[in-house]
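Please read the structure below before turning to the comments.
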Amino acid sequence: MFVTDIRKEFYEVVVNQVRNSSFFVLFYQYFVLINCGANVDLLETLQPEEDSVFFICDTHRPVDVVNVYNDTQIKLLIKQDDDLGVPSYDDIFRDDEEDEEAGDDSGNESDGSAEPSGKRRRYDEDALERRIERQRARREWEARRREILFDYEQYEFHGTSAALVMFELAWVMSKDTKDMLWWSVIGVTDQWVHDKIPHMKYVTDIATLQRHVSRHNHRNEDEENSLSIDCMRITFEYDLRLVLYQHWSLYESICNSCYTSCSFKLWSINGQKKLQEFLADMGLPLKQVRQKFNSMDMTIKENLREVIEESANKFSMKDIRVQTFAVHFGFKNRFLASDVVHAAAALLENVEKDETPTDNFIKALDCLSRSNLEWLHLGIALAKKKLKAIQQTVASCICTNLILSQGPFLYCHLLEGTPDVKLFSKPLALTLLCKYLLKAFVCSTRNKRCKILPLIMAAPLDVEKGTVIVLGIPPESETSDKKKWVSNSNSNHFYFQVSLLKMEDRGKFLDALIALLS
């Protein structure tokens with residue numbers, strides 16, 4: 001999962017696999033990097049052959065300036081309307097020809113021995129002054145360059161989803177399909193679920209996808225298979241912010257959704273009472289609420305979203321519904337985009353069996369295909385277990401006061417022996433827990449300052465090796481899409497907000513972080 005040396009652990013592994021395969025002829029010239037490679041100096045890091053060409057479709061920002069201005073070996077696949085904020089070329093790159101010319105001028109002047117000594121001395125003084133002036137200008141330029149690069153590189157954030165970029169590239173070439181459109185929907189939804197983009201960016205991308213969905217639905221209206229059992233139909237929905245509620249009971253979904261759980265403060269007795277009042281206000285029988293959604297009466301399900309929204313407004317939950325998409329496979333299977341995101345993430349980070357990351361990746365990939373719905377249902381079952389573990393861990397941390405204020409940030413450390421702690425050794429699961437925990441803590445504390453503090457969370461990674469995984473998220477009140485994070489030599493090249501540390505170095509890391517942020 002962790003890639004700390006992108007050359008040895010990533011590039012050379014791929015090249016060696018290709019060279020050892022029967023398809024390798026001379027060398028591998030073209031590389032396509034998806035969601036990696038944009039924010040590192042790729043040529044300096046990988047040291048590839050001179051005729052190697054890299055096509056990079058990466059959502060991580062900022063893009064390394066060398067990658068931006070290298071138009072021979074680096075080809076960036078980025079939407080034109082993405083604001084990269086890259087400094088101008090003259091501000092960060094400078095030719096040394098002037099310095100060489102200055103050296104040549106001084107040498108030529110010293111060769112003029114035929115000149116009178118007084119005149120030559122005056123020429124030498126003028127050359128020295130010019131050289132000193134050039135050195136001073138160069139130092140000023142270098143200081144300005146460091147400041148510009150610091151301002152550009154100090155924030156980490158995410159751009160347009162790579163899935164959406166690749167879909168629109170296929171659309172431009174008239175190669176787009178409905179399956180590809182659904183995968184791009186999943187890519188954008190994944191960014192929203194895991195808090196990689198702000199809500200406004202999500203709404204903008206959803207509007208772009210909605211136009212593509214309308215175009216595909218209109219194009220397929222007259223096709224013969226539009227009503228077949230194997231058909232695929234994507235619809236725009238204004239659905240509930242209740243996780244996996246169509247594959248769970250409504251009660252469990254409310255209890256394990258971050259939005260409703262934090263609004264009710266379900267880790268407290270008063271929160272449980274509020275939940276009962278909420279269910280009573282909706283007028284739904286407890287028997288119906290606690291059974292699986294598919295088994296609920298049709299009369300209740302017909303206008304369930306409107307009923308929940310009306311009651312949610314009374315309990316100050318104004319954003320209980322959100323813009324999203326749903327997919328229909330035939331007449332039976334219906335999934336929201338967020339359902340697939342949670343299922344794929346659960347399969348990708350599955351810790352229940354001793355399987356390799358490669359096996360988990362293949363299963364997560366298979367669950368995106370409509371011909372492998374059994375893997376999607378398995379992923380949903382794993383996602384339910386993960387969400388339950390997150391809810392229980394959040395309640396435990398809040399009730400036992402495990403969140404500590406370290407001055408410029410909040411800190412929480414999950415100890416070995418905590419239930420389901422192995423689950424949180426994975427970046428996506430830890431991200432959801434961290435996001436959920438910070439929101440719950442802000443809702444439960446009276447200290448208003450906590451709203452402007454980031455949260456740093458540590459969890460055991462490998463007990464035998466004595467390593468911990470450390471993740472940081474911005475403050476709950478932070479609305480900017482730029483996530484400030486401290487550069488660390490042990491950072492993961494795919495999750496830059498995640499760091500890998502030795503257990504004994506955790507205290508030093510926190511002390512350095514306090515000194516840096518104070």
| To the nearest 10 Å², what's Lys426's accessible area with a 1.4 Å probe? | 50
| remark: Expressed in angstrom and rounded, the centroid-to-centroid distance over alpha carbons for the range 370-398 and the range 411-438 is 14
| task | Considering Cα pairs under 8 angstrom that are at least six residues apart, work out the relative contact order of the range 259-401 and quote it in whole percent. | result | 17
| query | Using alpha carbon centroids, what distance separates the range 300-347 and the range 130-207, in Å? | reply | 29
| query | Counting only the heavy atoms of the protein chains, how much of Val203 is accessible to a 1.4 Å probe, in Å² to the nearest 10? | reply | 40
| Selection from Phe264, Leu244, Ile362, by position along the positive dipole direction of the range 232-400 (Cβ) | Phe264
| Residue separation times 0.36 nm, minus the C-alpha to C-alpha distance between Phe315 and Phe150: what's the value? | 54.9 nm
| message | Below 8 Å between Cα atoms, with a sequence gap of 6+, how large is the relative contact order for the range 192-318 in percent? | response | 19
| Segment Ser214-Glu352, length gained on full extension (0.36 nm per residue, minus Cα span) | 45.6 nm
| Spin-label point model (7 Å from Cα, Cβ direction): what's the Asp297 to Lys388 distance in nm? | 2.8
| request: Rounded to the nearest 0.05, what FRET efficiency do Gln73 and Ala280 give with R0 = 45 Å and r taken as the Cβ-Cβ distance? Could you check? | output: 0.10
| said: Quick check: pseudo-label points 7 Å beyond the Cα along Cα→Cβ at Ala137 and Ile269, how many nm apart are they? | reply: 7.7
| remark: Note: Phe93 to Glu416 extended length (0.36 nm per residue) minus current alpha-carbon separation gives 111.4 nm
| message | Can you give me the solvent accessible area of Trp183 with a 1.4 Å probe, rounded to the nearest 10 Å²? | response | 110
| said: Need one number: nm distance between label points at Asp124 and Asp41, each 7 Å from Cα along Cα→Cβ, rounded to one decimal. | reply: 3.9
| query | Which FRET efficiency value, to the nearest 0.05, is calculated for Ala381 and Gln29 with the Förster distance at 35 angstrom and r the Cβ-Cβ distance? | reply | 0.20
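The values are calculated or read from the model by the stated rules, or taken from the named source; none is laboratory data. This one's a predicted model, so the numbers in the text were calculated from it and none came from an experiment. Counting neighbours? That spans all protein chains shown, and the Cβs are built from the backbone with ideal geometry, glycine included. Ligands, DNA and RNA are stripped out before the accessible areas are found, and what is left, the full protein with its side chains, is counted by its heavy atoms. Shrake-Rupley method; radii C 1.70, N 1.55, O 1.52, S 1.80 Å.
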